[in-house]
1. If the reach is capped at under 13 angstrom between alpha carbons, list the aspartates and glutamates near LYS310, excluding any in the same chain fewer than eight residues apart.
2. Using per-residue counts of other Cβ atoms within 10 Å, averaged over each peptide, order 306-318, 55-67 from highest down.
3. What value, in deg cm²/dmol to 500, does the helix sum -39500 (n - 2.57) over DSSP H runs of n ≥ 4 give at 222 nm once divided by the residues of the chain?
4. Order THR151, THR187 by their accessible area, 1.4 angstrom probe, all chains in place, largest first.
5. Once you wrap a convex hull around the alpha carbon atoms of the stretch 96-191, what is its projected area averaged over all directions, in nm²?
6. Using the alpha-carbon centroid of each, what span in Å lies between the stretch 526-585 and the stretch 148-200?
7. Find, among the trypsin sites (Lys or Arg not before Pro) in the stretch 136-239, those assigned to loop by DSSP (not H, G, I, E, B) with at most 13 other beta-carbon atoms within 10 angstrom.
8. Determine which aspartates and glutamates satisfy two conditions relative to LYS222: a Cα distance under 18 Å, and not lying fewer than 8 residues away in the same chain.
Amino acid sequence: MQFALFELAGLEQIAALPGLAESDRETLIAVLEEAGRFGSEVLAPINTIGDQQGTRVEEKNVIPADGFGDAYRAFVAAGWQSLPFDPARGGQGLPVLLSTAVNEVWLSSNMAFSLCCMLTLGAVTTIETHANTALKDRYLRKLISGEWTATMDLTEPQAGSDLAAVKTRAERAGGHYLITGQKIYITWGDQNFSENIIHLVLARLPDAPPGIKGISLFLVPKFLVNDGGVIGERNDFYPVSVEHKLGIRGSPTCVMSFGDQGGAVGYLIGKEHNGIGCMFTMMNHARIDVGLQGLGNSERAYRLALAYAKERVQGTAPGQPGRVTIIHHPDVRRMLMLMKAGAEAMRAFAYTTTASLDRAHHDPDLEARAWHETRCALLTPVLKGWCTELGQELCSLGVQVHGGMGFIEETGAAQFLRDVRITNIFEGTTGIQGMDLVGRKVIKDNARALNELIAEMQAVSGQLADLHMEGYATAQGHYLAGIAALTKARDWLLANYTADINAPNAVCFNFLMLMGTVCGAWQMNRAAIIAQAKVAAGADPDGFYRAKLITARFYGEHFTPRVHGYFQALCAGSDSIMALAEDEF
Ligand SMILES: Cc1cc2nc3c(=O)[nH]c(=O)nc-3n(C[C@H](O)[C@H](O)[C@H](O)COP(=O)(O)OP(=O)(O)OC[C@H]3O[C@@H](n4cnc5c(N)ncnc54)[C@H](O)[C@@H]3O)c2cc1C
């Protein structure tokens with residue numbers, strides 16, 4: 001984690017940007033170590049409890065699993081929620097990059113718990129960016145401190161991927177609005193451990209134009225807050241039920257009913273009918289966080305599988321005396337290396353992408369800010385889609401390494417697989433991320449931002465070629481071929497999207513996975529170049545950089561060649577995908 005943060009993503013340089021609380025390397029490391037302690041001592045022990053007990057609704061309140069309330073209060077008391085926010089409102093002014101790494105710790109310790117904190121992070125950014133001063137003054141401090149939590153309320157029974165179908169109504173009522181309707185699947189829509197819960201709700205005004213351009217965003221508090229900031233009566237909405245589900249059972253997924261007694265009081269964020277624009281701030285935030293969930297679950301699944309592989313004795317292995325622990329079997333090694341290299345590639349990719357978020361806000365050069373914003377916009381759907389798809393594979397391998405014990409709940413391996421399963425569904429499925437990538441970020445941009453990325457990848461390839469690293473030629477060759485496949489995929493897309501109207505959406509999954517795989521290779525090769533320099537200088541006393549080099553080589557030999565499968569499938573276009581008539585299925 002420290003290698004990816006400091007050496008690949010440049011945390012020290014980011015922390016020195018204007019507007020961020022200047023922190024030296026020791027301080028940043030101390031924060032990470034303290035997070036590690038909190039994650040393992042407070043959050044991880046209640047992960048299984050949340051899974052086993054789930055949550056329930058009693059008298060219009062959600063009751064979380066045992067220990068979650070105490071853990072949340074300890075979380076707030078330790079000041080974890082305020083890490084990346086403006087000191088003028090009680091935040092600590094630390095980089096989003098550091099907060100990302102800390103979030104990875106929460107996620108891998110207890111994903112169900114961490115969802116509550118992450119939604120609040122996204123809501124704060126949305127309110128900071130779009131709300132008027134009065135709303136900011138009234139709500140931000142308590143959200144930043146964590147005394148209040150927040151949710152995002154988009155989904156309705158008829159409006160999932162398609163938010164244009166949102167029906168929840170908002171009526172003007174003087175200085176505020178009255179909200180009526182039903183939302184489903186609202187994560188941490190209610191709980192009993194924070195003083196208040198602030199819902200960011202999408203709803204439609206009576207005179208709104210149809211479709212996506214007619215939706216507005218409202219801040220709807222569970223308890224009304226008066227001018228002095230004092231909490232008053234309960235607002236007119238409540239959780240009707242919580243869903244029974246495959247994973248993240250410690251996180252309540254609520255059906256929420258708004259306005260049964262005449263309308264829940266809400267306050268407009270941004271302008272009327274511009275809710276989707278505002279909500280995109282929260283959704284982009286959440287998409288990066290969900291990408292991290294793919295990583296966090298994979299990392300924990302790997303640690304668990306590794307410990308088991310070092311302990312479980314089974315069979316004999318070539319060249320080894322007697323019965324061996326299963327880590328000696330090449331096929332188990334293959335699985336562990338896939339998990340290790342996959343998680344390291346995801347982390348490097350996630351952190352370097354998040355570093356762009358900090359630069360987009362704090363770089364002294366305004367052009368550089370705009371550049372980083374575009375880079376982040378290009379990579380966000382890849383981070384969300386690729387890390388969560390890869391997370392499925394790696395958590396499944398975690399079960400496989402355990403054999404039958406992986407299928408038995410006691411080991412915990414199965415929970416990571418169940419928990420990670422939601423990540424490529426919520427916050428926009430992988431298909432929706434692929435469409436965003438191909439349609440908005442590549443075709444609409446005529447691949448300008450993608451071309452810059454490809455040029456950076458090629459520069460890394462040039463550096464590798466200069467190094468002549470021993471044993472690295474195959475990985476290096478696959479990397480070059482991967483960049484070529486991405487380039488050809490770009491050309492195919494730009495050449496075919498007008499002639500075949502189904503082409504962009506038919507190929508978007510393969511395009512996204514191809515691009516994610518090459519992005520992983522790009523970062524692993526950057527890591528290899530740094531590691532090679534350390535090894536060559538004799539600055540690798542504990543073998544850390546040697547392991548990095550081998551892991552990067554493994555990624556190059558075992559993950560990067562996947563690009564050819566994605567590319568060939570992409571070139572088939574939409575023909576065989578669309579050829580069957582509906583009744584021929
Ligand atoms: C546990 C959980 C927690 C959640 N938390 C929240 C929350 O806090 N707040 C919130 O607002 N929502 C939340 N959601 C909702 C979640 O974001 C949606 O489930 C998700 O966006 C998909 O919508 P859907 O379930 O209606 O599926 P659908 O939109 O019905 O999609 C079904 C399938 O069709 C595909 N599809 C749909 N439209 C298209 C299209 N145009 N092109 C190509 N393919 C398409 C999808 O990719 C998917 O494979 C949560 C859901 C779950 C299960």
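The values are calculated or read from the model by the stated rules, or taken from the named source; none is laboratory data. A quick note: this is a predicted structure, and the numbers were derived from the prediction, not measured. Methodologically, a virtual Cβ is constructed for each residue, glycine included, from the backbone with ideal geometry; neighbour enumeration extends over all protein chains shown. What goes into the accessible areas is simple: the full protein's heavy atoms, side chains included, and nothing from ligands, DNA or RNA. Shrake-Rupley method; radii C 1.70, N 1.55, O 1.52, S 1.80 Å.
1. Leaving aside aspartates and glutamates fewer than 8 places away in the same chain, none come within reach of LYS310.
2. On the way: 306-318: 13.8, 55-67: 16.2.
In decreasing order of mean packing, 306-318, 55-67 become 55-67, 306-318.
3. Numbers: 19 runs with 308 residues, N = 585.
The helix contribution divided over the chain gives -17500 deg cm²/dmol.
4. Details: THR151 0, THR187 25 Å².
From most exposed to least exposed: THR187, THR151.
5. Values: hull surface 31.3 nm².
Mean projected area for the stretch 96-191: 7.8 nm², to one decimal.
6. Between the Cα centre of the stretch 526-585 and that of the stretch 148-200, the gap is 40 Å.
7. Details: sites: LYS136, ARG138, ARG141, LYS142, LYS167, ARG169, ARG172, LYS183, ARG204, LYS213, LYS222, ARG234; in loops: LYS167, LYS222.
Answer in residue order: LYS167.
8. Filter leaves GLU58, GLU59, ASP137, GLU147, ASP153, ASP190, GLU195, GLU233, ASP236, ASP260.
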